[in-house]
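Below is one structure, written out as structure tokens; the observations come after it.
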Amino acid sequence: MLRINNIFIRKDLSNGEIFELAIKKHSIKKEDVLDWYISHKSIDARKKADVHYVYSIDIKVKDETKYRKLEKIKKTEIPFVKISKSLSNRPIIVGAGPAGLFAALTLVQNNLQPIILEQGQSVKERKISVENFLKTGKLNSSSNVQFGEGGAGTFSDGKLTTGINSPFCKKVLKEFVSFGAPEQISYLSKPHIGTDNLINIIENMRNYIISKGGTFLFNTKMIDIKIINNAIAGVTTINNGLEETINTNNVILAIGHSSRETFEMLYRKGVLMEQKNFSVGVRIEHLQEWLNKTQYGTITKLKLPPADYKLAYHSENGRSCYTFCMCPGGTVIASSSEPNTIVTNGMSLFSRNGQNCNSALLVNVTPNDFESSSPLAGIYFQKKLEEKAFILGGSNYFAPIQRMEDFFKNQKSKTIGCINPTYQPGVTLSNLNELLPAFVSETLKQGITYFDTKLPGFANPDSLLSGIESRSSSPVKIPRNESLISNIHGLYPCGEGAGYAGGIMSAAVDGIKCALSLISN
């Protein structure tokens, strides 16, 4: 394949028209082209007077020697792993988030038949539970925004951006498209799927895995692991009050970052764990219209997607403030998974057509901030803040919120300005300085002031802050060796919960890697 780079597009055109322009620019005869596809699309908005798309197109031609000036590209090779052992018992995957689902997909593609345990509901039943919580404040602690088929990423924005560089990233994108994701995720510089699409895609993945011999057990929680001679020998589950032990020698532990009871059980059983850095903060909401004008200007006639941002600030005292999981045209969503706690997150539909945009606004937390040296101390740090947020919000699952101006003045908000909150089931005007540790409040204020110099209007007095954002990543790490196995043989810590991923893409890739390691060891 040959690649045509730097195709600048300043008006809305169809893909076919863009292809025609590209080959004309390089004097490529259309009859010489056997196949073509878009390999990259991004927005260049550095100059507001010249906002444009930048495309790359890959073409297959009859005779590459005629077009030597074009970049020649190599096909990304997916590492091949040969099954080197037979399994006396079916492998078990704990958790049906991105890591668990892609681990299961990899195993069935290699003729193994995993059992997938998920303490939450199937994705469409889970959607009903989430919607009920948003309407009534009645929490299902087993199936919610954190727990259930699809994992925490299902009720987010479905972002597939990642900082990792792995050949498996293309495989993840290809698999998502094959199960119903929009094809554009394979070439956009910032691909996203959207919650509305993810629900159907995840169901399609599950049905495929079942068709290849996989088994899903929903509403089924792993409550114990059986260890013999320092090796996995089985797991104990509970479903509707009934306990069952399933014999197995291989467990992929894809439990997500919020499975606190499971972390505690594993720690009691002797699974090695470490404290880990993570971040806490708030959700910040602005008007999407403001962000579009700030990022794109007002001159372009392109029909551009809702704008986004990614910002970071580093203070002199070693703390950092940064934005995370930015959701254009989205909502702040209630993400509690335990009774009497408040957790916020962001969510967008594929269209991203909401009035507000929102982002996590986070400050780094280190083990020095914890109250003990226990590997689980980070969990207790998170939970304490979530319980404080619940009380500050009124002890009814309403989120405490505050106008930006009042946050800086350290005073309780009394009114809402031009930006309406999107959080359901409701909000309570509060003073978030009473909730956040002093180092978090101070670093947030420094960061917001700095971000306003990069995006004028970021510190709009009416911008809304909602608390608390506490589940950006896992507070623990489960060490693993070069074969991706923990100190317990046959136990594969995997994905975000184990400390090896930070989003849908990286979790899915880690699921593939753990499955391949299981196959080959």
Set K75, K124: member being at pLDDT below 95, surrounded by fewer than 23 Cβ atoms within 10 Å (Cβ to Cβ) and basic (K, R): K75
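Yes/no matrix, rows are residues, columns are (1) touching a residue at least 40 places away in the same chain (Cβ under 8 Å); (2) closer than 30 Å to A515 by Cβ:
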site	(1), (2)
T428	no, no
S441	no, no
G447	yes, no
F458	yes, no
E469	yes, no
P475	yes, yes
R480	no, yes
Counting only residues that are more than 23 Å from T161 (Cβ to Cβ) and among the small types (G, A, S), the stretch 467-508 contains a total of 4
Can you tell me how many residues in the stretch 359-373 are out of contact with any Asp or Glu (no Cβ under 8 Å at 6 or more places or on another chain) and in contact (Cβ under 8 Å) with a residue 60 or more places away in the chain? 9
For the stretch 335-344, name all the residues that are open to solvent by less than 30 Å² (accessible area, probe 1.4 Å) and touching a Ser or Thr at 6+ places or on another chain (Cβ under 7 Å). S335, S337, I342, V343, T344
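Applying the selection to the stretch 315-334, what residues are buried (at least 19 other Cβ atoms within 10 Å of the Cβ) and on the phi > 0 side of the Ramachandran plot? Can you show your working first?
Step one: of the stretch 315-334, the residues buried (at least 19 other Cβ atoms within 10 Å of the Cβ) are 319, 321-334.
If the condition is that a residue be buried (at least 19 other Cβ atoms within 10 Å of the Cβ) and on the phi > 0 side of the Ramachandran plot, then C325, G329 are the ones that fit.
Using the structure shown, decide if S86 is open to solvent by less than 20 Å² (accessible area, probe 1.4 Å) and hydroxyl-bearing (S, T, Y). Walk me through it before giving the result.
Values: open to solvent by less than 20 Å² (accessible area, probe 1.4 Å): no; hydroxyl-bearing (S, T, Y): yes.
Judged against the criteria, S86 is not a match.
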Within the stretch 1-54, track down each residue that is assigned to a strand (DSSP E or B), of a type in the set (K, R) and open to solvent by 60 Å² or more (accessible area, probe 1.4 Å). R3
Please find, within the stretch 291-316, the residue that is nearest to S14 (Cα to Cα) out of those that are of a type in the set (A, V, I, L, M, F, W, C) and out of contact with any Lys or Arg (no Cβ under 8 Å at 6 or more places or on another chain). L304
Residues being farther than 14 Å from N144 by Cα and more than 15 Å from the chain's Cα centre (by Cα) - total across the stretch 341-357: 7
Can you tell me which of L112, L107 is crowded, with 18+ Cβ neighbours inside 10 Å and part of a loop (DSSP other than H, G, I, E, B)? L112
Output for the stretch 473-498, where each listed residue is open to solvent by 20 Å² or more (accessible area, probe 1.4 Å), at pLDDT 95 or above and part of a loop (DSSP other than H, G, I, E, B): P479, R480, N481, E482, S483, L484, N487, E496
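Being open to solvent by 60 Å² or more (accessible area, probe 1.4 Å) and either of a type outside the set (A, V, I, L, M) or in a loop (DSSP other than H, G, I, E, B) (or both) is the filter here, so list the residues in the stretch 127-139 that pass it.
Looking only at the stretch 127-139, we keep the residues that are open to solvent by 60 Å² or more (accessible area, probe 1.4 Å), and these are 127-128, 131-132, 135-136, 138.
Residues satisfying the conditions are K127, E131, N132, K135, T136, K138.
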For the stretch 198-246, enumerate the residues that are of a type in the set (S, T, Y) and either within 19 Å of T106 (Cβ to Cβ) or open to solvent by less than 50 Å² (accessible area, probe 1.4 Å) (or both). Y208, S211, T215, T220, T236, T237
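Taking the conditions exactly as written (on the phi < 0 side of the Ramachandran plot, part of a loop (DSSP other than H, G, I, E, B) and free of Cβ contacts under 8 Å to residues at least 24 places away in the same chain), does K310 satisfy them or not?
Considered against the rule, which asks whether it is on the phi < 0 side of the Ramachandran plot, part of a loop (DSSP other than H, G, I, E, B) and free of Cβ contacts under 8 Å to residues at least 24 places away in the same chain, K310 comes out as yes.
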State all residues of the stretch 298-312 that are closer than 22 Å to Y450 by Cβ and surrounded by fewer than 20 Cβ atoms within 10 Å (Cβ to Cβ); if no residue qualifies, say none. Y309, K310, L311, A312
Can you give me the ranges of the strands (runs of 3 or more DSSP E) entirely in the stretch 187-245 with at least 1 residues that are over 25 Å from I128 (Cβ atoms) and small (G, A, S)? 231-239
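For the stretch 253-281, enumerate the residues that are under 15 Å from G499 (Cβ atoms) and among the β-branched types (V, I, T).
The answer is I255, T262, V271.
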Filter result (more than 16 Å from the chain's Cα centre (by Cα) and assigned to a loop (DSSP other than H, G, I, E, B)) within the stretch 317-340: N317, G318, R319, G329, S336, S337, E338, P339, N340
If I filter the stretch 115-131 for residues that are on the phi > 0 side of the Ramachandran plot and touching a residue at least 12 places away in the same chain (Cβ under 8 Å), do I get at least one hit? no
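For the stretch 187-209, which positions are farther than 25 Å from S42 by Cα and of a type in the set (S, T, N, Q)?
Looking only at the stretch 187-209, we keep the residues that are farther than 25 Å from S42 by Cα, and these are 199-200, 202-209.
Once the filter is applied, which keeps residues that are farther than 25 Å from S42 by Cα and of a type in the set (S, T, N, Q), the stretch 187-209 yields N200, N204, N207.
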Could you please give the count of residues in the stretch 250-275 that are surrounded by fewer than 19 Cβ atoms within 10 Å (Cβ to Cβ) and assigned to a loop (DSSP other than H, G, I, E, B)? 3
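Hey, can you tell me all the residues within the stretch 259-278 that are touching a helix residue (DSSP H, G or I) at 6+ places or on another chain (Cβ under 7 Å) and either polar (S, T, N, Q) or over 8 Å from P375 (Cβ atoms) (or both)? Spell out the reasoning first.
Step one: filter the stretch 259-278 for residues touching a helix residue (DSSP H, G or I) at 6+ places or on another chain (Cβ under 7 Å), giving 260, 263, 273, 275-276, 278.
Correct list: R260, F263, Q275, K276, F278.
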Filtering the stretch 1-41 for residues that are touching a strand residue (DSSP E or B) at 6+ places or on another chain (Cβ under 7 Å) and not aliphatic (A, V, I, L, M) leaves a count of 15
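The values are calculated or read from the model by the stated rules, or taken from the named source; none is laboratory data. This is a predicted model, so every value here is computed, not measured. Positions of Cβ are generated from backbone atoms using ideal geometry, with glycine treated the same way; all protein chains shown enter the neighbour counts. Each accessible area value is taken on the protein alone, full model and side chains, heavy atoms only, with ligands, DNA and RNA left out. Shrake-Rupley method; radii C 1.70, N 1.55, O 1.52, S 1.80 Å.
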